[in-house]
1. Please go through region 119-144 and pick out each residue that is in a helix (DSSP H, G or I), acidic (D, E) and closer than 19 Å to T265 by Cα.
2. Just the residues that are crowded, with 22+ Cβ neighbours inside 10 Å, of a type in the set (A, V, I, L, M, F, W, C) and closer than 12 Å to Q170 by Cβ, please, taken from region 253-287.
3. Could you tell me whether any residue of region 385-406 is assigned by TED's automatic domain parsing to the domain that holds L357, in contact with a Ser or Thr (Cβ under 7 Å, 6 or more places away or on another chain) and at pLDDT 70 or above?
4. With the structure loaded, tell me whether P159 is touching an Asp or Glu at 6+ places or on another chain (Cβ under 6 Å) and surrounded by fewer than 18 Cβ atoms within 10 Å (Cβ to Cβ) or whether it fails that test.
5. Which residue is modelled with the lowest pLDDT, if the candidates are limited to region 95-113 and must be crowded, with 16+ Cβ neighbours inside 10 Å and among the hydrophobic types (A, V, I, L, M, F, W, C)?
6. Exactly one condition in (1) under 30 Å from E395 (Cα atoms); (2) at pLDDT 80 or above is not met by Q308; state its number.
7. Take the residues in region 50-75 that are in a strand (DSSP E or B) and more than 16 Å from L92 (Cβ to Cβ); name whichever of them is nearest to the chain's Cα centre (by Cα).
8. Return only the number of the condition from (1) touching a Pro at 6+ places or on another chain (Cβ under 8 Å); (2) free of Cβ contacts under 8 Å to residues at least 60 places away in the same chain that A187 does not satisfy.
Amino acid sequence: MEGQLTLSELNLLIKDSLETAFPEQLWVVAEIAEMKINRTGHCYLELVEKNSETDAILARARATIWMWQFRFIQPYFETTTGQPLTNGLKVLVAVTVEFHEVYGLSLNIKDIDPAYTLGDLARKRNEVIARLTEEGIIDMNREIPLPDIPSRIAIISSPTAAGYEDFMNQLENNASGYSFYTKLFQATMQGADAPRSIIMALDEVFEMADRFDVLVIIRGGGSQIDLGCFDDYELAMHVAQFPLPVLTGIGHEKDETVTDIVAHTKLKTPTAVAQYLIQKFDEAAEIIEHAKEIFINRVTNILHNENQLINASIRLLRPLVKNSIENASLKLRHKTKEVKPVIEDTLELENFRQIKLSDKVAAACQTAFQQQRNRIESLSVSSNHNTKLLYLKEEKIIFDKLHRLKYLSERILEKKQSQVNLFEKTTNLVNPENILKRGFSITLKNGKAVKNSRSVKHGDRLEHILYNGKIDTVVEKKKQK
């Protein structure tokens, strides 16, 4: 059949057509899907174009950077952007279209524009910030009040990160000896998996949020591409709406990720976060110390004023108390004089009554005895021998009764006399004048008798009335039973 071609002839036609169609290099926008550097120093890439909404691949091509070009392109790109040339970057590359009969179509990369990559990252970052702002959540975390003393700290970080070690060392070895409770929630802090890993750690902290005062997200410094995971929308949304104040120490001082923007407080490094927390303790301690000084000054002024008022009151009350005591003492002496005759009259009357009672009993006994004797004598004259015997028996019985009656009368008189003596002694004992003579005293506070220690306090002035004179004292300490 005429016009048929071999495969090699077809490929040569394609090669000639492509060289004619693309005689010069072209600037092409693509994403690096895969990148490999072989032992000779050549760099082999796979470039793709994705749908911005679905992330579906729209186009794919192989590309090559030869060793003598790669050793200049790579350091220039990394120095300019601050990040390595790696998978996932969107780049603007200068390429020539090449077609080989055996290996097929390939793009030969001559140059890479770092400014485009930086601009693309900035564009994506600005889109995330605009979306958070439009949804009204970008400032939510900053509206949560930060505790005055944030001592319970949840930490999201990699346990092996140098930034985490710096943070813990600064916190645990603070000069003031403040005590912090910390708990680490591990997460991947770099790469494509980092946003999902950090969100999972956020969910863990959320489940026990009532145990913490603040959440800290920290990692050490890194390139802009290393920190790109913290510009993720889903991660920023979770941080913005987190129920605890979020403190970030991500990267270096010049870096600011979207996560930093939505956090409650952004610090430049993990060490700076620790210093900030320690500073919050210092501020609280300063406030407490200031309040303590104010309190001491106020209490001192109040005590000074009260002391002056008490001294003035004492000066005013002293003559009044003195007069009251003198009047009370005078009344006590008058009462003593009034009571003494009454007691003496009562004793005399009781003694007279006892004597009369004794005389009556003795007279009654004598009369009864005489009557019985007369009766016996009259019976003895007119009775016979048996009657005499009965008489003698009756006489003995009557004599015994009279003797017993006399004995009982004497015991009653003795008992009554003892009661009179006891009454006289008791009366003497309760005599106020005799009580004071025995060393007792009457204690007065503000003119009133003090009956127990609860009615006095430290600093009270007391007056003690003695049998002869009085004593003023001031209470220094008291003891209650």
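The values are calculated or read from the model by the stated rules, or taken from the named source; none is laboratory data. In this text, all values refer to a predicted model and were calculated from it rather than measured experimentally. Counting neighbours? That spans all protein chains shown, and the Cβs are built from the backbone with ideal geometry, glycine included.
1. Passing the criteria: only E143.
2. Selection gives V273, A274, L277.
3. Going through region 385-406, the residues assigned by TED's automatic domain parsing to the domain that holds L357 turn out to be 385-406.
Subsequent filtering for residues that are in contact with a Ser or Thr (Cβ under 7 Å, 6 or more places away or on another chain) retains 388, 391.
Add one more test, that the residue is at pLDDT 70 or above, and what stays is none.
No, region 385-406 contains no residue that is assigned by TED's automatic domain parsing to the domain that holds L357, in contact with a Ser or Thr (Cβ under 7 Å, 6 or more places away or on another chain) and at pLDDT 70 or above.
4. The answer is no for P159.
5. So, considering only residues that are crowded, with 16+ Cβ neighbours inside 10 Å and among the hydrophobic types (A, V, I, L, M, F, W, C), the one modelled with the lowest pLDDT is F99.
6. Evaluating Q308 over (1) under 30 Å from E395 (Cα atoms); (2) at pLDDT 80 or above leaves (1) as the failure.
7. Top of the filtered list is I57.
8. (1)
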